[in-house]
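Here it is, the structure in full.
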């Protein structure tokens, strides 16, 4: 484990905690896309199929359980919680997200490192994660006004991806035979999707004004 | 890398 990987995991963890904090304490999910959260839940479910069969470390197992548990509880909160679900902007969250899964599945069947069920599902989760943020970004564009916690949530998610790229660069130079084209290409695409958001996030931070995306 | 190495990330 290198410092970039740890920083990536910690910003990922922080993003989830920020979102749970918003939902649990403020009892609001305003500005949050349920579609993106459902895709994340599917991403973790299909990626961690080896949770009980492939032990890597206590750290890995605990983090996997946290990401699985948090993603499903966030979906539950938005869909089922008596108070929280009332703050969900359903009309702004119209992305046909399940259609994103088909190209990811087809791509995973044809482009993978090994043609086994577990490996294809893992590859599917990598492709799906790359584009899972799209419904959230579309929703941001529509609502434009972004509250602090939502802004921080998306910033932390983007930071997590950026740290993972640094982690791969580090591992490429420090480990032998460390070449993973599938994760790298999908990961870079995923990070680029945050580019626009990052730009406006830093602008608002620099000028000390409220974050607002252009129409 | 081996399969385990490939999936040691989250």
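Nothing in this text is a laboratory measurement; each read-out follows from the coordinates by a stated rule. None of these values were measured; they are calculated from a predicted model. Glycine also receives a Cβ, built like all others from the backbone with ideal geometry; neighbour counts cover every protein chain displayed.
Averaged over A:105-118, how many beta carbons belonging to a partner chain fall within 10 Å of each residue's beta carbon?
1
Determine the distance separating the Cα centre of region A:139-215 from the Cα centre of region A:6-70; give it in Å without decimals.
17 Å
How tilted is helix A:134-143 with respect to the longest principal axis of chain A? Cα atoms for both, answer in degrees (0 to 90, nearest 10).
Roughly 10 degrees between the two axes.
Moving to a separate point now. Is it possible to state the helix-based mean residue ellipticity at 222 nm for chain A, with each DSSP H run of 4+ residues giving -39500 (n - 2.57), the sum divided by total residues, to the nearest 500 deg cm²/dmol? What is it?
The helix-only estimate for chain A comes to -23000 deg cm²/dmol at 222 nm.
Given the peptides A:45-51, A:114-120, arrange them by the average over their residues of other C-beta atoms within 10 Å, most packed first.
Result, highest mean first: A:45-51, A:114-120.
Sticking with this structure for a sec: Run the numbers on region A:41-131 and let me know its relative contact order in percent, using alpha-carbon pairs under 8 Å that are six or more apart.
41 percent
Which angle from 0 to 90°, rounded to the nearest 10, does the C-alpha axis of helix A:181-193 make with the longest principal axis of chain A?
10 degrees
Further question on the same structure: Mind ranking A:202-214, A:89-101, A:64-76 by how tightly packed they are, going by the mean number of other C-beta atoms within 10 angstrom, highest first?
A:64-76, A:89-101, A:202-214
Mind checking the mean number of beta-carbon atoms from other chains within 10 Å of the Cβ atoms in A:171-180?
Taking the mean over all residues of the peptide, I get 2.
Between residue A:52 and residue A:6, with labels modelled 7 Å along Cα→Cβ, what's the label distance in nm to one decimal, could you check?
A separation of 3.2 nm, rounded to one decimal place.
Normalised by the number of residues in region A:1-81, what is the relative contact order in percent for Cα pairs under 8 Å and 6+ residues apart?
Relative contact order, region A:1-81: 39 percent.
Could I ask something else about it? With the crude spin-label approximation of a point 7 Å out along Cα→Cβ, what separation in nm comes out for residue A:181 versus residue A:205?
Simple spin-label model gives 3.5 nm for this pair.
Between residue A:212 and residue A:98, what's the calculated FRET efficiency when r is the beta-carbon distance and R0 is 25 Å? Round to 0.05.
0.25
Would you mind checking the tilt of helix A:195-206 against the longest principal axis of the Cα atoms of chain A, expressed as 0 to 90 degrees and rounded to 10?
Helix A:195-206 and the main axis of chain A meet at about 50 degrees.
Mark the label point 7 Å from the Cα of residue A:90 along Cα→Cβ and return the residues of region A:36-72 whose backbone N is within less than 18 Å of it.
Residues passing the 18 Å test: A:36-38.
Additional query: Provide, as a two-decimal number, the C-alpha radius of gyration of the protein assembly as shown over 2.2 N^0.38 Å, N being how many residues it has.
It is 1.01.
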